[in-house]
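To keep things clear, I will list the structure first and then write my remarks on it.
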Amino acid sequence: MVLPITKLPAAILRRPVVDVTFPLSKDIRRLLKDMVDTVIKADGIGLAAPQVSRNLNLAIIFLEHAGVPLFPIINPVIVSSSKETKVIEEGCLSLPGVFGKVTRPKKITFEYFNLQGEKQTITDDDWIARVAQHEIDHLLATLIVDKFDAVTQGAELLPKYAEHKT
Ligand SMILES: [Zn+2]
């Protein structure tokens, strides 16, 4: 089932997430399936639970075009990041139409749990590193609007997504 994607300024995108426990509940398994349907429908490359209104510490990475089978990352943590950085233009399903340059470490090592609750470690300096950092940011309530070096497209849409800080 395709779920509605939460867009800024929705407060859920700025709320802390809660770790997922194992074995996965029926609810979480259903959620993961729905997130897969949702990311495919939205033509995205990753989706974090807060983007479908759930404050849970999980995301999915969908890089089939880069030859990587879809996989969920549950309770992910970045354990090391390279000093070397890379600037790439990024967008986000939670602020459609806006793109901008974002600087991130080129290479990272991160840990996460798979569906079976087994700890996995990935070191990557390409697409997985990029998307994992973007999704893990979501789980830390950080969005690309906080990180743009420069907005390259859709700057006129930013007021629509702006949060009212009180
Ligand atoms: Zn995003």
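Values in this text are rule-based calculations from the coordinates and carry no lab data. Worth saying up front: this structure is predicted, and the values here are computed from it rather than measured. For neighbour counting, all protein chains shown are included, and Cβ atoms are generated from backbone atoms with ideal geometry for every residue, glycine included.
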Worksheet item: Of Lys41/Lys160; Lys7/Lys147; Lys33/Lys106; Lys7/Lys41, which pairs sit farther than 20 Å apart, going by alpha carbon to alpha carbon?
Response: Lys41/Lys160; Lys33/Lys106
Worksheet entry | Protection proxy ranking, peptides 23-30, 136-143, 111-118, average beta carbon neighbours within 10 Å, highest first | 136-143, 111-118, 23-30
Worksheet entry | Theoretical gain in end-to-end length, Asp37 to Lys83 [0.36 nm per residue, Cα-Cα removed] | 13.0 nm
Item to complete: With a 10 Å radius around each residue's Cβ, average the other Cβ atoms per peptide and rank 99-107, 47-55, highest first.
Response: 47-55, 99-107
Worksheet item: Packing-wise, with mean Cβ within 10 Å as the measure, how do 120-132, 81-93, 147-159 rank, highest first?
Response: 120-132, 81-93, 147-159
Worksheet item: Of all the Cα-Cα pairs you can form in segment 78-136, what percent are over 16 Å apart?
Response: 47 percent
Discussion item. Kirkwood hydrodynamic radius, computed over distinct alpha-carbon pairs, for the chain: how many Å, to one decimal?
Written reply: 16.1 Å
Discussion item. List the aspartates and glutamates whose Cα sits under 17 Å from the Cα of Lys101, skipping any in the same chain fewer than 8 residues away.
Written reply: Glu84, Glu89, Glu90, Asp126, Glu135, Asp137, Asp146, Asp149, Glu156
Practice prompt. May I ask you to compute the full-extension gain from Leu157 to Asn114, defined as 0.36 nm times their residue separation minus their alpha-carbon distance, rounded to one decimal in nm?
Written response: 11.8 nm
